[in-house]
Amino acid sequence: MKTVRLTLAEALVKYLVAQKIEINGQVEPLFGCSFAIFGHGNVTCLGQQLKNAEDELPTWRGQNEQSMAMAAVAYAKANKRQKIGIASASIGPGATNMITAAGIAHTNRLPLLMFAGDAYVSRLPDPVLQQTEHFHNPSTTANDAFKAVTRYWDRIIHPAQILQTLPQAIDTLLDPADCGPVFIGLPQDIQGVAYDYPEQFFAEKVHRIRRPEPEMRDLEEAVKLISQAERPLIISGGGVHYSQATDELAQFAKKHNVPVIETIAGRATMLQDNPLNGGPIGVTGSNSANYLAAHADVVVAIGTRLQDFTTGSWSVFRNPDLKIISINVGRHDAIKHLSMPIIADAKVTMTKISHLLADWQGSTDWSSQATKQADDWKALCNDRMAVAGDEMASYAQVIGAVNRLSEAGDTVLTAAGGLPAELNMNWQSKQIGKFDIEFGFSCMGYEIAGGWGAKIANPDNDVVVMVGDGSYMILNSDIYSSVLSGHKMIIVVCDNAGFAVINKLQNNTGNESFNNLLKDCRRENPETEFARVDFAKHAEAQGAISEKVGSMQDFDAAFARAKAADRTSVIVVDIDSTKWSSCDCWWEVGLPEVTRDERTEKAVSDFSAGRTHQRPGV
């Protein structure tokens, strides 16, 4: 066997560069980009090897390890999990900064490959800079904290170990069911150790993402349930995107006359003008989709983990005789709430079920109800988005303008606060995909970082980031990253002077406004005017073009200037924190069993009434 003597760092990067994937008949690098912030724990060995490979694996410098890893997550999501981003950090705080990003990837079932420096295996210089010492277990380091938010975790203590761990790591990243973040710790004294590696380990490998086939018995049981249904309904989740099954979804719905409703992750799996698209389901969805869910007798859940915002904490399904068929590559998701599981790929399974159903079609009366309900929802959206005069803008009005002004190929992206609900409730999908609401981990700060990663994945089209003032304050430095690297974004900052959506929840549960809106925060001198951030100037200081619009009357022109700009552009809009979109759906939140005033007692009683329809595990 021919061998080549390489350091661990050399071998690691050489192996990653050799990994390819076939996409639409073209062979492309599996790892399309790398993000890094160097410190003493990763610069001397791994950093140099990334430099040597920069023509094949471009490395972008982040400003914060958390945000650059978030950018890598968004890059993978924009590529429908077919191309993967890498994040590399030093030891200690640089490493642990990536934990939040790992949580995003883990919750949303997205691939992310992380490398971080680690303490010395020899322990000769211990305790080293940024090492957390554990007196009861000297082998424990801060990197062990990643174990709760990764699908695969390893620490390399000998250079030969990557022969086993790298193939396992990559298979985890590409597995349709177990897909998620991978962390590999690289002790500082091991990165430069040499080993005689087999040459064939570095041969180019072209990967493909598996499509598990359904079992015939499962298909037959599903067909029997569907063909007996009077009010069948499809719930389309994010797995439809990752299975590349949007065409099959539309074809199935049309051929069999079955309405479709979408989860947050499943938004834009079907065009909004499709008469069988019943709208978004759940707490932040639409009355149309929730009506259909309440009356359906057979639900086919495709590629969804049925999260509480989708199911209204399992209260949205009102038919006691409801049957759920769950098509999912993940066993854990497929068996939820006594569903009839089909543990298989969405694209393959829909095609096979459709074939077995032959010419069967659902009730025309039922599909007509779906169209009527969806039309009512669209009319409501139009009312919310309508602009009258110079009034302070609402979220819905800003979203309506972005929806109207965006062009084919543009991506819209948001994550936390009030915007995910407002975007989900009002957005009208004019194209398949190109829509990212990170509402699995719902991570404040993902927005701008995620926009940077999405832009790297979509260099020829605009990425429109919608971010609240709260999330902006948490993490905004990738405005500068995008300017530095030349990845232009359009960022719309919706400023409602605080954490307004949590203030709304606070009030709706009988509590007084406290510590959310800026005006309700503690100040040493409450008589003074509370300070406001000039977001336009702040963004400009990071190199962006920026402006603040006085009203929605000025928004279109500002958006056109941002479109025409040669670098990242930021538009700031003040938002009326009293104007919210809503729909008829309950959501379970933790409430006190003992109350101290009538207001709280009534709010708790009203909230608790929704539990009447909650399905306890079935």
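Looking only at the range 387-429, which residues are at positive phi and surrounded by 21 or more Cβ atoms within 10 Å (Cβ to Cβ)? Gly417 - this is the single residue of the range 387-429 that is at positive phi and surrounded by 21 or more Cβ atoms within 10 Å (Cβ to Cβ). Scan the range 192-202 for residues that are of a type outside the set (A, V, I, L, M, F, W, C) and open to solvent by less than 30 Å² (accessible area, probe 1.4 Å) and the total you get is 2. What number of residues within the range 95-128 are in contact (Cβ under 8 Å) with a residue 60 or more places away in the chain and among the acidic types (Asp, Glu)? Residues that pass the stated criteria total 1.
Do you know which residues across the range 65-103 are closer than 12 Å to Phe31 by Cα, of a type outside the set (Lys, Arg) and not in a helix (DSSP H, G or I)? Of everything in the range 65-103, those that are closer than 12 Å to Phe31 by Cα, of a type outside the set (Lys, Arg) and not in a helix (DSSP H, G or I) turn out to be Asn79, Gln82, Ile84, Gly85, Ile86, Ala87.
On the stretch given as the range 410-438, residues that are among the aromatic types (Phe, Trp, Tyr) and more than 17 Å from Arg81 (Cα to Cα) total 1. Quick check: is even one residue across the range 589-607 over 29 Å from Gly389 (Cα atoms), open to solvent by 20 Å² or more (accessible area, probe 1.4 Å) and under 25 Å from the mean Cα position of the chain (by Cα)? Yes, the range 589-607 contains at least one residue that is over 29 Å from Gly389 (Cα atoms), open to solvent by 20 Å² or more (accessible area, probe 1.4 Å) and under 25 Å from the mean Cα position of the chain (by Cα). In the set Met270, Met350, only one residue is touching a residue at least 12 places away in the same chain (Cβ under 8 Å), open to solvent by less than 10 Å² (accessible area, probe 1.4 Å) and assigned to a helix (DSSP H, G or I); that residue is Met350. Restricting attention to the range 170-191, the residues being buried (at least 21 other Cβ atoms within 10 Å of the Cβ) and either among the charged types (D, E, K, R) or within 21 Å of the chain's Cα centre (by Cα) (or both) number 8.
Residues are listed down the side, and each one gets a yes or a no for (1) open to solvent by less than 50 Å² (accessible area, probe 1.4 Å); (2) touching a Gly at 6+ places or on another chain (Cβ under 9 Å):
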| site | (1), (2) |
| --- | --- |
| Ile545 | no, no |
| Ser551 | yes, yes |
| Ala562 | yes, no |
| Ile571 | yes, no |
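Table: residues versus (1) crowded, with 24+ Cβ neighbours inside 10 Å; (2) over 25 Å from the mean Cα position of the chain (by Cα); (3) aromatic (Phe, Trp, Tyr).
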{"site": "Gln244", "(1), (2), (3)": "no, no, no"}
{"site": "Glu248", "(1), (2), (3)": "no, no, no"}
{"site": "Gln251", "(1), (2), (3)": "no, yes, no"}
{"site": "Thr263", "(1), (2), (3)": "yes, no, no"}
{"site": "Gly266", "(1), (2), (3)": "yes, no, no"}
{"site": "Pro275", "(1), (2), (3)": "no, yes, no"}
{"site": "Gly278", "(1), (2), (3)": "yes, no, no"}
{"site": "Gly282", "(1), (2), (3)": "yes, no, no"}
{"site": "Asn287", "(1), (2), (3)": "no, no, no"}
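Would you mind stating whether Gly450 is under 26 Å from Ala74 (Cα atoms) and in contact with a strand residue (DSSP E or B) (Cβ under 8 Å, 6 or more places away or on another chain)? The answer is yes for Gly450. Based on this model, can you work out whether Trp580 counts as under 28 Å from the mean Cα position of the chain (by Cα), open to solvent by 60 Å² or more (accessible area, probe 1.4 Å) and not hydroxyl-bearing (Ser, Thr, Tyr)? Here the answer is yes, as Trp580 does meet what is asked.
The values are calculated or read from the model by the stated rules, or taken from the named source; none is laboratory data. Everything numeric here is computed off the predicted structure, so don't read it as measured data. In this analysis, Cβ positions are derived from the backbone assuming ideal geometry, glycine residues included, and neighbour counts consider all displayed protein chains. The area values use the complete protein model at the heavy-atom level, side chains included, leaving out ligands, DNA and RNA. Shrake-Rupley method; radii C 1.70, N 1.55, O 1.52, S 1.80 Å.
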